[in-house]
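The values are calculated or read from the model by the stated rules, or taken from the named source; none is laboratory data. Computed from a predicted structure; not experimentally measured. Because the Cβ atoms are built from the backbone with ideal geometry, glycine has one as well, and the counts that use them run over all protein chains shown. In case anyone asks, the SASA skips ligands and DNA or RNA and just uses the protein heavy atoms, side chains included. Shrake-Rupley method; radii C 1.70, N 1.55, O 1.52, S 1.80 Å.
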Amino acid sequence: VTQASLSDAVVTADAIDIKANNQNKIVSATGGLAYAKTDSGGKAASLAGAFSYNEINATTNAFVRDAEMTLRSVPFDDEGFVVETAEQRFSLTADNVSDVWTLAAGGAGALASDGEASGSTFTLSLAGAVSVNAVTGGTRARMYDSGLILEAGDAASDVRIRAHDDSDIFAIAGGLS
């Protein structure tokens, strides 16, 4: 859970920048390999498997609650300006950038030579791969029971309230026998 908030406050400032940024990353590789070889008349068995389970449960919240804010009209390039990362006069953002990258692979091989007249040859080869992935949770940017006053002046008085979820899953699963 990632949270950025302003609550129960009276603020007079040049700019307000509230950011909740959640960046979870999972990189996973799972694999299995089996090989069996016999001579004439023998038996061979091979079994391989792979399993991968990945989950990100991320909640990202940015909010302003019960606050009264007054923002002065001061140019961002003014030497007295103290918020170095501000792009807008007021910014309330929640960003979720969760990434899952996974590879699950299984391989199996069995080799037996030809049987003789009195012998027999048995070969068996199995392979498998499974990949289960999930990204769950929520991303919210909210402002409630609050007031925002933008003082008049020459500087831009822009406002951004944004929630953005850019979660990705890239999964490869395969089996070879």
Just the residues that are under 30 Å from Arg142 (Cβ atoms) and of a type in the set (Lys, Arg), please, taken from the range 1-53. Lys19, Lys25
Within the range 74-109, the residues that are modelled with pLDDT of 85 or more and either in contact with a helix residue (DSSP H, G or I) (Cβ under 6 Å, 6 or more places away or on another chain) or farther than 30 Å from Ser167 by Cβ (or both) are Gly107, Ala108, Gly109
Which of the residues spanning the range 60-70 are more than 28 Å from the chain's Cα centre (by Cα) and either open to solvent by less than 50 Å² (accessible area, probe 1.4 Å) or within 23 Å of Ala134 (Cα to Cα) (or both)? Ala67, Met69, Thr70
Candidate set: the range 16-59, residues that are among the polar types (S, T, N, Q) and in contact with an Asp or Glu (Cβ under 9 Å, 6 or more places away or on another chain); chosen: the one most open to solvent (accessible area, probe 1.4 Å): Gln23
Going by the structure shown, is Gly174 within 30 Å of Thr38 (Cβ to Cβ), modelled with pLDDT of 85 or more, assigned to a strand (DSSP E or B) and not polar (S, T, N, Q)? yes
Could you please give the count of residues in the range 34-59 that are farther than 30 Å from Gly147 by Cβ and assigned to a strand (DSSP E or B)? 18
Looking only at the range 106-165, and only at residues there that are outside any strand (DSSP E or B) and of a type in the set (A, V, I, L, M, F, W, C), the one that is nearest to Glu87 (Cα to Cα): Ala156
Residues being within 13 Å of Ile56 (Cα to Cα) and outside any strand (DSSP E or B) - total across the range 15-33: 2
List, please: which pairs have Cβ atoms under 9 Å, are six or more places apart or on different chains, and start with a residue in the range 147-173 that is open to solvent by 80 Å² or more (accessible area, probe 1.4 Å) and end with one that is basic (Lys, Arg)? Ile161/Arg142
Residue list for the range 1-15, restricted to those being open to solvent by less than 90 Å² (accessible area, probe 1.4 Å) and modelled with pLDDT of 90 or more: Thr2, Ala4, Ser5, Leu6, Ser7, Ala9, Val11, Thr12
